[in-house]
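The values are calculated or read from the model by the stated rules, or taken from the named source; none is laboratory data. Please read all numbers here as calculations on a predicted model, not as lab measurements. Protein only, heavy atoms only, side chains kept; ligands, DNA and RNA dropped before computing areas. Shrake-Rupley method; radii C 1.70, N 1.55, O 1.52, S 1.80 Å.
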Amino acid sequence: MSQSAVVPVVVDAPQHAGLNATLDYLCEPPLPPGSLVQVPLGRRSVTGLVWRRRLGDSADAPQLRAVQSGMPSLVPLGPAWMQLVEFCAGYYQRSIGEVALSVLPPELRKLDDAQMARRLEWLKRSPAPPATGEGVALPDLSDEQAAAVEQLAALPAGDTRPTLLQGVTGSGKTEVYLRSAARALQQERQVLVLVPEINLTPQLEARFAERFAGRRLVSLHSALTPAQRLRHWLLAHLGLADLVLGTRLAVFASMPRLGLIVVDEEHDSSFKQQEGARYSARDLAVYRGRVEGVPVLLGSATPSLESWSHAEQGRYRRLRLAQRIGGGALPAVRLLDMTALPRPAGGAAPSALAPALQQAIEQRIARGEQSLLLLNRRGYAPVLFCGACGWKSGCPHCSAWRVFHKGDRTLRCHHCGFSERVPRACPDCGNLDIAPIGRGTERLEEQIAQLLPTARVGRIDADSTRAKGALQARLTAVHAGEVDVLVGTQMIAKGHDFRGVTLVAAVNPDAALFASDFRAAERLFALLMQAAGRAGRDAAQAARSEMWVQTWHPRHPLYAALKAHDFDAFARGQLQERRAAGLPPFASLALLRAEARSAEAAAAFLREAAQLAAQLQGHEQVRLYPPVPPPVSRVANVERVQMLVESGSRAALQRLLVLWLPQLQVLRSTHKAVLRWAVDVDPLTI
Ligand code: ADP
Ligand code: ZN
Ligand code: ZN
């Protein structure tokens, strides 16, 4: 057998392949790297990918087995794609095979070569959109937009320093993306646009589709049917799609002619994958740009502190859009001091809205303008309570309260999903008078309808938009002016270009000021600034647009920065605190999580893991904190414990993880009570 007929293959089975090793197979005729293959593994047959190089010491197996079938009709995945996957696997500590196969469309595994060949024929013959467009009238750029577009166009080829486009809400960042995309398309290159949640901002997709009407645009996100996802992926992979618009998984789209990557709302936490390989699509986009020699444009009004500090240090180029389109003002921020309000008599629950805010909304309604009320908590009330015996609606399976949903009369756990009909009487003492405590969006909607009986009130949150098409319908109603007051969670704060909104109010945002997670303030500030950015987007109305904040802490520095619309001041303050506390971006973190039926079993695993780490080379550069339960420690009867691993040096942390994790796989086998364990590199929440 000739040596050239042995190929290295990755499969999605780390228990066989080791964390980052390839398996050798005989292959006649040899298939090139990047080819999909079907290979025997133990008694099974699994899908694998011929890899670009041999990794680990999987050779010298006494009997090489042969590849069962290949898919030669499909162009192999390219070396840059494989390098991205290898980097992702290495950095986030997963196997290459797992990453490679999990980011490909699942349908790919179900087809044989003949089926694939037919599909490709059909795709290549399917007509491209009619070549209209590109002649459509373009808006005149604002001076700032023009300067940004010009600087981006002047980048020398191969300059891969990422660009942070820091532009206030309504400053027209999208137009800068569109112009940069147009340039790349003119040069026959493909454009990749990453967005946080595609369903939330259908406008963005519509604007790209309209601007590039003669081009083929495909979307890639998890709401596609498997067949759509395969089709879109193939169009990108074959180079037939010019634009790919997608959520985090689209960062792995195979694009042979890639010429530009845009990451819109780059600060958004949904770019971080929360299971399996816990990658950050934003960070991978930056890596991908460097590998492929392609410019990366990160856009936000409220950049992540990581990106912002890169820009401060000059590692990223920064372009600013400080003015709103049309010169409109940003909304005036009004902090409503709730401590100064008279308390309602007789212990009655306070009104949802302070009188001044209610009046301001009534004025908006009288003028035919819209108001948004932000409350980041869904359901009717976060807990039900029995005043007679003290019973509360706890979840029997989690260390959390079950939320009262009035619409379907259920008590529902937002952690494990356990749901029951709401009891008529207290389950413990039979008292008929059990009361909802606190307020979620459902209750706020009801209270607003009572306070403002003539208003047309709408609500957008995960519950009200569960049905297919419901979100689109509700957004359309807001755009059409059929809603006077829109109540909602963070879903209403993001990206929407609502033209009729002149008032935004955060009803009760204080909790995040005192959360234990060090990123809570950053998230709150971004949320409030984004929410404020929904008001006054029509320049004609901007001058009287307002952002109200109902707070018991009106003198908190976070609110002072919000009032001044000064993201930079906020970022500087936060970074000072982070530097003093040794937190990201001044340190690198990983979180080791373990789950077991008992917290003690999970903690025992972590403690032993820490002992192993202490014997590894380079451990003195890494600090391990004692295992602690996360805020909600028990979910679905499983106890969770986590251990924070920190280092001042990213490289030192990475070196330790590489040595440590294989040991943990072994350690796990002696801790039978541990159900799952995982490491999260660069965790977003701790
Ligand atoms: P951002 O994403 O920065 O919040 P958008 O890109 O949504 O802002 O732009 C805000 C609004 O301004 C949109 O309605 C957009 O169509 C409009 N717009 C952007 N650039 C221009 C321009 N140069 N001339 C006129 N209108 C523009
Ligand atoms: Zn009771
Ligand atoms: Zn539960």
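Sorted from largest down, what three extents in whole angstroms do the Cα atoms of the chain have along their principal axes?
If we take the Cα atoms of the chain, the spans are 90, 67, 48 Å.
Express in Å², to the nearest 10, the accessible area of residue 437 obtained by rolling a 1.4 Å probe over the protein heavy atoms while all chains stay in place.
Here the accessible area works out near 80 Å².
Among rounded, prolate and oblate, which fits region 544-652 when a ≥ b ≥ c are the square roots of the eigenvalues of its C-alpha gyration tensor, a/c under 1.5 means rounded, and a/b larger than b/c means prolate?
oblate
If DNA, RNA and ligands are ignored and the probe is 1.4 Å, what is the ranking of 367, 231, 578 by accessible area, most exposed first?
Putting 367, 231, 578 in descending order of accessible area: 367, 231, 578.
Please arrange 559, 625 by accessible surface area, largest first, computed with a 1.4 Å probe and ligands excluded.
Ranked list, largest accessible area first: 625, 559.
Counting only residues 5 or more places away or on other chains, whose amide H sits under 5 Å from the amide H of residue 623 once H atoms are built in the peptide plane?
Residues meeting the amide H criterion: 646, 647.
Among rounded, prolate and oblate, which fits region 402-483 when a ≥ b ≥ c are the square roots of the eigenvalues of its C-alpha gyration tensor, a/c under 1.5 means rounded, and a/b larger than b/c means prolate?
Taking the square roots of the gyration eigenvalues as a ≥ b ≥ c, region 402-483 is oblate.
Would you mind checking which residues have amide H under 5 Å from residue 13's amide H? H placed 1.01 Å from N; only 5 or more apart, or other chain.
Placed amide hydrogens put 98 under 5 Å from residue 13.
What base-10 log of the normalised intensity I(q)/I(0) is obtained for region 520-571 from the Debye formula, alpha carbons as equal point scatterers, at q = 0.28, 0.29, 0.30 Å⁻¹?
-1.18, -1.22, -1.26
Taking H as built 1.01 Å from N, whose amide H comes closer than 5 Å to the amide H of residue 304, not counting residues under 5 places away?
Correct list: 267.
Tell me, what % of the accessible area of the chain is carbon and sulfur with a 1.4 angstrom probe?
52 percent
Return one whole number: the accessible area per residue of the chain in Å², for a 1.4 Å probe.
44 Å²
Can you list which of the DSSP-assigned H helices in the chain have a Cα extent of 24 Å or more along the long axis and an average Kyte-Doolittle score of at least 0.5?
Membrane-span-like by this rule: 650-669.
Taking 27 Å as the cut-off for C-alpha to C-alpha distance, list the pairs among 272/563; 124/272; 468/563; 124/494; 272/468 that go past it. Spell out each step's value before the answer.
On the way: 272/563 29 Å; 124/272 34 Å; 468/563 38 Å; 124/494 37 Å; 272/468 25 Å.
Beyond 27 Å between Cα atoms: 272/563; 124/272; 468/563; 124/494.
Using only the Cα atoms of region 152-257, build the gyration tensor, take square roots of its eigenvalues as a ≥ b ≥ c, and label the shape rounded, prolate or oblate: rounded if a/c is under 1.5, else prolate if a/b is larger than b/c, else oblate. List each step's numbers first, then the result.
Values: a/c = 1.69, a/b = 1.26, b/c = 1.34.
In terms of gyration-tensor shape, oblate.
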